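A quick write-up on the structure given underneath.
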Amino acid sequence: MHNNLIILAGGASSRMKKPATSKTINSDETAQANNRSKSLISLDNTGRPVLDYLLYNAKKAGYKNIYIVINEKGGLFKEFYGSKDKNNDFNGLNISFPIQYIPKDRVKPFGTADALLQAVEQFPELNNQFYTVCNSDNLYSTEALSLLRKTEHKNAFISYNRDTLEFPLERISKFALTKLNAENNLINILEKPSEKEVPNFYDRDGKLRVSMNIFKFDGKEFYPFLKNCPVHPIRNEKEMQTSLLNYITETTNKVVGIPLSEHVPDLSSKDDIVTVKAYLKKHYALLDWNFIYKN
């Protein structure tokens, strides 16, 4: 088991800046969506964001050390979770803030592999430990977080049953499909698969499995592949999935897909605000941070 969770929150949130199609988004939510990191948009009656709920689930899963990767303009995160660069106490969690700096020749951040690389270089102790890494705008469950924290596999990810994700088919069809062998070891990840490619990705149980970008890594083994991650020729970013595929093809190390069937709330666009708010209201009556974690 390990106690480290790295949350990637330094992205540009480009999709969130686009106009909503729903008429139920109020002016305050629109303003926040246009000016805040999407994981800090107020979504409950107390004005707290979805990131609170992710942190709450992480604490329930037993994580202690949280590294929230922010960008150079991410000061609002410190207003929510602690003013210091590291070792802030937030409801019993130890919060630190790696910064994803943008190269001088770029306008936008350089991708998820770059974000993770900058985090582990600013907090090098992570390169001698295991850690879980995930997005800031997905509300991963306590079970998903716990499975990665407790697994004995050195490298793993949650392999979600695509049929249990409560999104429109048009949206789900663009999610990254994962191909696993008979032992659930990762063979391939394919972003935005075409209809012709989909039949090649059914697993041994006849299910399509997708990645929602939540992984566990052996920090020491994975670091060189973050450091040497090539730039994607089309998206012009250093993507964690590229590092991951290079890792499994260039070494004998394995990355195990842990199957899980459940929904993962996702806050990518303004229209998601309504659905995520409803999900929180239905499933989280109150965040009681005073519970005692029992292994």
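Below is a table of values for the structure above.
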{"quantity": "Meets criteria (surrounded by fewer than 15 Cβ atoms within 10 Å (Cβ to Cβ) and in contact with a helix residue (DSSP H, G or I) (Cβ under 9 Å, 6 or more places away or on another chain)) for N228", "calculated": "yes"}
{"quantity": "Helices (runs of 4 or more DSSP H) contained entirely in segment 43-131, each with at least 1 residues that are of a type in the set (D, E, K, R) and in contact with a Lys or Arg (Cβ under 6 Å, 6 or more places away or on another chain)", "calculated": "112-122"}
{"quantity": "Counted residues, segment 260-295 - those being of a type outside the set (A, V, I, L, M, F, W, C), touching a Ser or Thr at 6+ places or on another chain (Cβ under 6 Å) and modelled with pLDDT under 95", "calculated": "1"}
{"quantity": "Yes/no for N34 being surrounded by fewer than 17 Cβ atoms within 10 Å (Cβ to Cβ), among the polar types (S, T, N, Q), part of a loop (DSSP other than H, G, I, E, B) and more than 16 Å from the chain's Cα centre (by Cα)", "calculated": "no"}
{"quantity": "The one condition in (1) modelled with pLDDT of 95 or more; (2) buried (at least 19 other Cβ atoms within 10 Å of the Cβ) that Q241 fails to fulfil", "calculated": "(1)"}
{"quantity": "Verdict on T24 being part of a helix (DSSP H, G or I) and either of a type in the set (A, V, I, L, M) or over 18 Å from the mean Cα position of the chain (by Cα) (or both)", "calculated": "no"}
{"quantity": "Residue match in segment 228-247 (condition: under 22 Å from the mean Cα position of the chain (by Cα), over 30 Å from G92 (Cβ atoms) and among the small types (G, A, S))", "calculated": "yes"}
{"quantity": "Where D163 falls short, out of the listed (1) free of Cβ contacts under 8 Å to residues at least 12 places away in the same chain; (2) farther than 19 Å from K238 by Cβ; (3) among the acidic types (D, E)", "calculated": "(1)"}
{"quantity": "Among (1) touching a helix residue (DSSP H, G or I) at 6+ places or on another chain (Cβ under 7 Å); (2) on the phi < 0 side of the Ramachandran plot; (3) at pLDDT below 90, the one test that N34 misses", "calculated": "(3)"}
{"quantity": "Output for segment 159-217, where each listed residue is out of contact with any helix residue (DSSP H, G or I) (no Cβ under 8 Å at 6 or more places or on another chain), surrounded by 19 or more Cβ atoms within 10 Å (Cβ to Cβ) and over 27 Å from F130 (Cβ atoms)", "calculated": "F201"}
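Residues checked against (1) crowded, with 23+ Cβ neighbours inside 10 Å; (2) more than 28 Å from A144 (Cβ to Cβ); (3) modelled with pLDDT of 95 or more; (4) aromatic (F, W, Y):
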position: I6; (1), (2), (3), (4): yes, no, yes, no
position: A12; (1), (2), (3), (4): no, no, no, no
position: S22; (1), (2), (3), (4): no, no, no, no
position: G47; (1), (2), (3), (4): no, no, no, no
position: K78; (1), (2), (3), (4): no, no, yes, no
position: N87; (1), (2), (3), (4): no, no, yes, no
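The values are calculated or read from the model by the stated rules, or taken from the named source; none is laboratory data. Predicted model, so just to flag it, every value in this text is computed and none were measured. Don't worry about glycine lacking a Cβ; one is built from the backbone with ideal geometry, like all the others, and counts go over all protein chains shown.
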